[in-house]
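Working notes, structure below.
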Amino acid sequence: MWPDRTGELTASDLQRLYAYPEHLDRPWVQVNFVASADGAVEIDTTSAGLSHAADRRVFLLGRDLADVILVGAGTVRAENYRGVVAGAKRLERRRRLGFDGVPPIAVVTRTAELDPDSRLFTETVVPPIVVTTETADTRALEAAGAEVLRAGDGDVDLPRALALLAARGLQGEG
């Protein structure tokens, strides 16, 4: 039962709220983003100006409860994404919650136009997964260590992408 009498959500409350559904038998995606009252999701191309410490807390919890972090290529470029970083405390929480290590970043991109020298490839413990189309040129990304999943012809077929991730044991995306 929550919230407690003070109305404050505890770490345990948030873990229950954002946890995987019981008896998960198919891919499951949880969406997390911040927005202003007028619907803006960015200030000067990033979400940082809209975020609060409480948002960051939920954002990090979502990463700790995910098998894979599914992100659009535009966000990766604008936010200068890197691989998931987890210190001892976060790794311990992941282990306690039944997860091993850190989740990979899976980037959805129709064109595969990502910089293989970017932080996504150079600052990571787990190589990224690039989810793209049959026609995208991914040679440079594969040479940089990315695993490539092809899910669609002209556009990425998201249900197909989720099925390909699930086939690798990655059923829950944050």
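The values are calculated or read from the model by the stated rules, or taken from the named source; none is laboratory data. This one's a predicted model, so the numbers in the text were calculated from it and none came from an experiment. Positions of Cβ are backbone-derived with ideal geometry, glycine not excepted, and every protein chain shown enters the neighbour counts. Note: areas computed on protein heavy atoms with side chains; ligands, DNA, RNA excluded. Shrake-Rupley method; radii C 1.70, N 1.55, O 1.52, S 1.80 Å.
For this structure, a couple of remarks:
- Cβ-derived FRET efficiency at R0 22 Å, residue 79 paired with residue 12, nearest 0.05: 0.15
- Extreme residue, positive dipole direction of the chain, given options 86, 75, 109 (C-beta unit charges): 86
- Share of carbon and sulfur in the accessible heavy-atom surface of the range 52-167 [1.4 Å probe, %]: 50
- Using Cβ point charges alone (K and R +1, D and E -1), the dipole size of the range 52-167 about the Cα centre works out to roughly 760 debye.
- Unit charges at the beta carbon, dipole of the chain: most positive-side option, 122, 66, 11: 11
- Cα shape, the range 68-170, gyration tensor, a/c 1.5 rule: oblate
- Two-site label geometry, residue 111 and residue 123: point separation in nm, points 7 Å out along Cα→Cβ: 2.4
- Amide H contacts of residue 29: 173, each under 5 Å away and 5 or more positions distant or on a separate chain (H built 1.01 Å from N in the peptide plane; Pro and chain starts excluded).
- With θ taken as phi - 60° and the Karplus curve 6.51 cos²θ - 1.76 cosθ + 1.60 applied, the whole-hertz 3J(HN,Hα) list for the range 161-168 is 4, 5, 5, 5, 5, 4, 5, 9 Hz, x standing for glycine and proline.
- Length added when fully stretched, residue 28-residue 163, from 0.36 nm per residue minus Cα-Cα: 47.6 nm
- Accessible surface area normalised per residue over the range 52-167 is 50 Å², counting heavy atoms of protein chains with a 1.4 Å rolling probe.
- Percentage relative contact order, the range 70-174, counting C-alpha pairs under 8 Å, at least six apart: 24
- Where both bridge residues fall in the chain, DSSP classifies roughly 5% of the beta bridges as antiparallel.
- Under 5 Å, built H, 5+ apart or other chain: amide partners of residue 157: 151, 152
- The charge dipole of the range 103-142, taken about the Cα centre with unit charges on the Cβ atoms of Lys, Arg (+1) and Asp, Glu (-1), comes to about 120 debye, rounded to the nearest 20.
- Long-range amide H partners of residue 106 with built H, under 5 Å: 69, 70, 71, 129
- If R0 is taken as 30 Å, the Cβ-Cβ distance between residue 91 and residue 37 corresponds to a FRET efficiency of 0.25.
- Rolling a 1.4 Å probe over the protein chains gives residue 59 an accessible area of about 70 Å².
- Computed magnitude of the charge dipole of the range 78-131 (debye, nearest 20; Cβ of K, R +1, Cβ of D, E -1): 460
- Sorting the segments 21-31, 80-90, 132-142 by their mean number of nearby beta carbons within 10 angstrom, highest to lowest, gives 132-142, 80-90, 21-31.
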